[in-house]
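The values are calculated or read from the model by the stated rules, or taken from the named source; none is laboratory data. Being a predicted model, the structure only gives us computed values, none of them experimental. Don't worry about glycine lacking a Cβ; one is built from the backbone with ideal geometry, like all the others, and counts go over all protein chains shown. Ligands, DNA and RNA are excluded from the accessible area calculation, which covers all protein heavy atoms including side chains. Shrake-Rupley method; radii C 1.70, N 1.55, O 1.52, S 1.80 Å.
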Amino acid sequence: MGNGRGHQVGFSGTNDLDFLLPGNLKQTIPEEQELRATNGKMVAHLMKAKFHPLVSNNTTSSPTANAHAVIKFAVESSLSALIDVGALMAGLSNGEVADAILETIRGSQGPAAYRGVVYFDVDDRKWTVRSLLGQSWHLSNSPIPAQDTFAYYDESRCRGADLKLKKDAVGLLTLSPALCKDALMQAAGRLRGLDWGQRVEICAPADVCSLIRDLMPTSSAASSMSTPIEPAHVIAFVMANTEKSGADGLVQWSAHGVHWLRSQQLAAEGKALCEQELVELSVLYNDPEQDTTVYDAVLQRLEKLSPAATTAITTTPASTTIQLRQL
């Protein structure tokens, strides 16, 4: 959106991958000291979180086994919200997740800790409350407030969504194999009162637990199955994913920049940029994976797409070449 001065203006609470923004966008550093400390403060909250390895009793290889195991754990632990940033509910619609939550609440022993469930109805595009009796209302006119329900945030609602939960609400964050730090922090931020009594806990299925253990120090045998996973291990895991995502993104970011440069040069000559369409699987996937620099990766990719573009990058001014080498 515009700010009245011809500038594009947006907002993001995380800046781990801000170097992948288009060249005409820049993430500014806030002047308020408190806002500058947001990253560290959120990491501190995550460092206090309890970690729970997900145990599934599924014997039928159901693709939604993890989903039902997470729901069962969250409800039976009397947690306030499921924040599914790891997309463990994949395969179920939001309405189906809400039904599963209500069924678990009804089947739990003792008095119900919840009067219903609140979730985002994708068809109506509104937050919806569904009671234990199956009655439904839009949250805006529901007789049951959000703080009296179990809240479900699907993956798409793990950024920007805002619900008024109870002051001591506890949210359960899920993990996925490629989850990055910014996504985890955004998900934790759905609990707006982390500084005033709310907190988060974390759970992960067996495959993610295995990936986390692979990053543990091996010299002290810390990666054994008997060693508990601590929040610091989770932070190291999402940071490793963030590093890989940034490196992969730089290749695409650089390739887009060089493509634009070449198109501008050809336009100045009155020519159009035409590239060969790559549809053969042998061309797309035949090359083995190998470690390389971003600079070399960009040159290799451009040579396959357009030899002329490779010539363009090697004949640009020195400052451009240095910048790409620094990436």
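Here the label points at Thr227 and Tyr285, each 7 Å from Cα along the C-beta direction, are separated by 3.5 nm in the simple model. Computed packing ranks the peptides 69-75, 230-236 as 69-75, 230-236, most packed first, by mean other Cβ atoms within 10 Å. Take each peptide in 84-93, 266-275, count the other Cβ atoms within 10 Å of every residue, and average; sorted highest first, the result is 84-93, 266-275.
If the viscosity is 1.567 mPa s and the temperature 4 °C, what translational diffusion coefficient in µm²/s does Stokes-Einstein give for the stretch 139-286 when Rh comes from Kirkwood over Cα pairs?
Here the translational diffusion coefficient equals 66 µm²/s.
Over the stretch 171-276, with the other protein chains present, what is the accessible area per residue in square angstrom, probe 1.4 angstrom? Don't skip to the answer; put the middle values down first.
Values: 5140 Å² over 106 residues.
Dividing the accessible area of the stretch 171-276 by its residue count gives 48 Å².
Of the cross-linked pairs Lys50/Lys164; Lys41/Lys167; Lys126/Lys164, those separated by over 21 Å at the C-alpha level are Lys50/Lys164. Rounded to the nearest 0.05, the FRET efficiency derived from the C-beta distance between Lys26 and Ala272 at R0 = 30 Å is 0.45.
Computed from the mean reciprocal separation of all distinct C-alpha pairs, what Kirkwood hydrodynamic radius does the stretch 158-229 have, in Å?
So the Kirkwood estimate lands at 13.9 Å.
Put the Cα centre of the stretch 267-292 next to the Cα centre of the stretch 145-164 and the gap is 43 Å. At the residue level, Met42 shows approximately 30 square angstrom of accessible surface with a 1.4 angstrom probe and all protein chains present.
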